[in-house]
1. 222 nm [θ] for the chain, helices only, -39500 (n - 2.57) per DSSP H run of 4+, per residue, to 500?
2. In debye, nearest 20: dipole of the stretch 421-573 around its Cα centre with unit charges on the Cβ of K, R (+) and D, E (-)?
3. What is the diffusion coefficient of the stretch 292-472 in µm²/s, taking the Kirkwood radius over Cα pairs and the Stokes-Einstein relation at 25 °C with a viscosity of 0.890 mPa s?
4. Between Leu394 and His537, what FRET efficiency comes out of the Förster formula 1/(1 + (r/R0)^6) with R0 = 35 Å and r the beta carbon distance, rounded to 0.05?
5. Suppose R0 equals 51 Å. What FRET efficiency, 1/(1 + (r/R0)^6) with r the Cβ-Cβ distance, do Ser166 and Glu493 give to the nearest 0.05?
6. Check cross-link reach from Lys282 to the aspartates and glutamates: straight Cα distance under 12 Å, and skip same-chain residues fewer than eight apart.
7. May I ask which residue of Ser447, Ala399, Asn336 lies farthest towards the positive end of the charge dipole of the stretch 292-472, with charges of +1 (Lys, Arg) and -1 (Asp, Glu) on Cβ and the Cα centre as origin?
8. Apply 1/(1 + (r/R0)^6) to the Cβ-Cβ distance of Lys502 and Ile434, taking R0 = 45 Å, and write down the FRET efficiency to the nearest 0.05.
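Only the coordinates and a few stated rules stand behind these numbers; no lab work does. On a predicted model such as this, the values are computed, not experimentally measured, just so you know. Virtual Cβ from ideal backbone geometry, glycine too; neighbours counted across all protein chains shown.
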Amino acid sequence: MNQVKQIIHNNIGILEIDYPPVNALSQAVRHGLVEGINAFESDNQISAIIIRCANRTFIAGADIKEFGQPPTTPFLPDVVNRIEASTKPVVASLFGTSLGGGFEVALACHYRVAMMDAKVGLPEVNLGLIPGAGGTQRLPRIVGEDKSLEMITGGKHYSAASFVDSHLFDALFESDQDLNERTIAFVEKKLEANDLNVRRVGEQEFLDENYDWQTAIEKIKAKARGKEAPLVAATVLQKTVGKSIADGMAIEREAFLKLRESEQSAALRYAFSAEKQAAKTKLQAEPKTVKEVAVIGAGNMGSGIATAFLSAGFTIHLIEQTQEGLDAGVERVASNFSRNVKSGRMGQAAADDCMSRLVASTRLETVENCELIIEAIFEDIEVKKTLFTDLDKLAQPTAVLATNTSYLDINQIAEVVSDPSRVIGMHFFSPANIMKLLEVVKAERSSDVALATAMAVGKQLKKMSVLVGVCFGFAGNRMYTRYGREIQQMLLEGAGIEQIDKAMASWGMAMGPLAVQDLSGIDIGHNARSAQPFPAHDPGYFRAAAVMVENQRLGRKTGKGFYQYPEGKAVYDQEAANLIREKGLDLGITQRSFTNDEIVERALLALISEGIKLYQEGIVNRLSDIDVIWLHGYGFPRHKGGPIFQAKQLGKEKLAKALTKLRGEQGELIWPPVELGVLDTDD
């Protein structure tokens, strides 16, 4: 199929890209654009050229099918330069999402028109790159340094309507108008008025001698938190001020190619691919249609889940035992939407619409019309089994019954249901209306229909859904427990509370692990672990946390935990350090000092070891799913790829040596042998 069609409308030449689904910049598209410009430029009957797209969007960016492949001509920088060099005016007609290379194509055109709701952006920094086809050079010539730095270093999408007072677009059309017709009318009107000229952005001056680059770059560095690409992008813009478009693009291209070979870019591109893979399952069933959902339990988690579903357009039945608890839950949901309105994330009308679809009740019978029922009550297996026994009688026989348990055995819960095939886990992460991760848990007898339904619903909620199996803590929390054990053990061996948190945060984790425990409540994890027998072979197992609980140091909610919080701010607490040191000595653990690198390496090794075990046991379908879980549920730095990506970077030889050393020090029951050969699998 010809991916770029040449169409003639009177004296207008139209290049229509037709490469579904998103009109990506494949080699054939790039070639077709150059070929089309050449053809129309040499046609004396053509006065102007329009670049537009069929299907659902203007050019959405690079062709992911070409990722990792040797680049082929024509290269995108040459394509955009050819478009800009056209001797006949070229008009880009934008709708949908015009991102990365697609936006760079539009920037090279002499005119740009768009639908009001079109989105544009240069998201390359999200892949550890910078724009490589003139984006860093043409955008600032149009919108100035501030907006360019914001767009290029932030990597976000922007609505075309937000540029109504800018020179970026020459015309914007309402959503009820026909874009193709309006674009042709725009060109015809300009031609009739003899007002359609060749305006090359690259020939405009990029020079502002008074711009404060130092302050701008310092702000970008603070936001980047260790990511290289935003700083490189800002530096390229600064270096190319006053330079010609050709010289500027040469500097841009050199920086782009260097970043493309970096570990960070490899990690970010890997993460992007891993997310795409996580959505693919071997389920052999079509999902059920879900319109009404019941959420049982109106506490913090249940209210967050309800908020997420309401935001996605579902009707929600929020159920609680008491009217007092129900009223508190409804207020939490309303507060969530109120904050969204105040922050500008949604309008008041949209918030009101969401609340209008909330049905609150203290009667469990209201689940009768729901296609999906999610339990989010107290983490007690007997309480949950009693509830599911009742749901088995009250719910539709085809309704999917999901538990939001974080640790409990879903197979035991399913035993009390007459049709256990409809019982699954939907493990949301708190706050559920914000956190992107959703673990869809397959119990022994869960049907493909139930699981496919949960995966489809997760997509509607805009969650990153990962299919996992049943074990204590499933995939994420089981690894988090192993990670936490190692952090706690290092405390008992002499590592400092602040040192551990600073080491992990400096490496890139969103928060230090001990600060996280104080935030969530040290007793929460302690109580969950206490439901299982403490391992006899591991005398130090979470003893630091147990000491905190024994001394009523539960974290922020009690004003002290691993830290103290005199005015809500974490402050080092010598008493906590003394309690931990005393417990370590009582257990006969030798005290020693740690370097920050030792702390990070040991924490990572714990994650890597447990992750490989999960894969070997079949709890996750692919190794990369582990990284998706940790990127979206536990604050693992995206530019580090994830625990498994880090394992592959370290290499099997170094891993084997490090794990063997720890196994010799602490025993095989704590550091069991794992098959490092699985790291060679390309999943």
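1. Details: 26 runs with 317 residues, N = 683.
Result for the chain, helices only: -14500 deg cm²/dmol.
2. Details: 18 positive and 13 negative charges, 119 e Å.
Using Cβ point charges on Lys, Arg, Asp and Glu, the stretch 421-573 gives about 580 debye.
3. On the way: Rh = 16.1 Å.
Stokes-Einstein gives a translational diffusion coefficient of 153 µm²/s.
4. Numbers: r = 45 Å, r/R0 = 1.29.
It comes out at approximately 0.20.
5. Values: r = 58 Å, r/R0 = 1.13.
Calculated value: 0.30.
6. Result set, ordered by chain and number: Asp448.
7. Of the candidates, Asn336 comes out farthest on the positive side.
8. Numbers: r = 25 Å, r/R0 = 0.57.
The formula returns an efficiency of 0.95 here.
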